[in-house]
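Everything on this sheet refers to the single structure shown next.
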């Protein structure tokens, strides 16, 4: 992966994590009795809204459509 792609992907994923954390999403998961992802667990099938700008879709390696999943990303490493 090129350095420029990494330098954009990391803040995007950190932003998604912060959004989930500060929106109370983690508290909702705990209230529903769902466990957090542990080391070695598979990442859950979560759909994210596809970016509207073509350059962002190209950067992430995804095509059109309304949503994408982590498995759709073309990357050697994805930090969540």
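I'd like to know if the range 30-38 contains one or more residues that are surrounded by 10 or more Cβ atoms within 10 Å (Cβ to Cβ) and modelled with pLDDT of 80 or more. No, every residue in the range 30-38 fails to be surrounded by 10 or more Cβ atoms within 10 Å (Cβ to Cβ) and modelled with pLDDT of 80 or more. Check the range 13-26 and report whether any residue there is at pLDDT below 70, at negative phi and in a loop (DSSP other than H, G, I, E, B). Yes: one or more hits.
Counting only residues that are surrounded by 10 or more Cβ atoms within 10 Å (Cβ to Cβ), in a loop (DSSP other than H, G, I, E, B) and at pLDDT 80 or above, the range 39-54 holds 3 of them.
Quick one: which of 6, 57 is at pLDDT 85 or above, out of contact with any strand residue (DSSP E or B) (no Cβ under 6 Å at 6 or more places or on another chain) and assigned to a helix (DSSP H, G or I)? Only one candidate passes the filter, namely 57.
The values are calculated or read from the model by the stated rules, or taken from the named source; none is laboratory data. Since we're looking at a predicted model, the values are computed, not measured. As a convention, Cβ positions derive from the backbone with ideal geometry for all residues, glycine included, and neighbour counts pool all protein chains shown.
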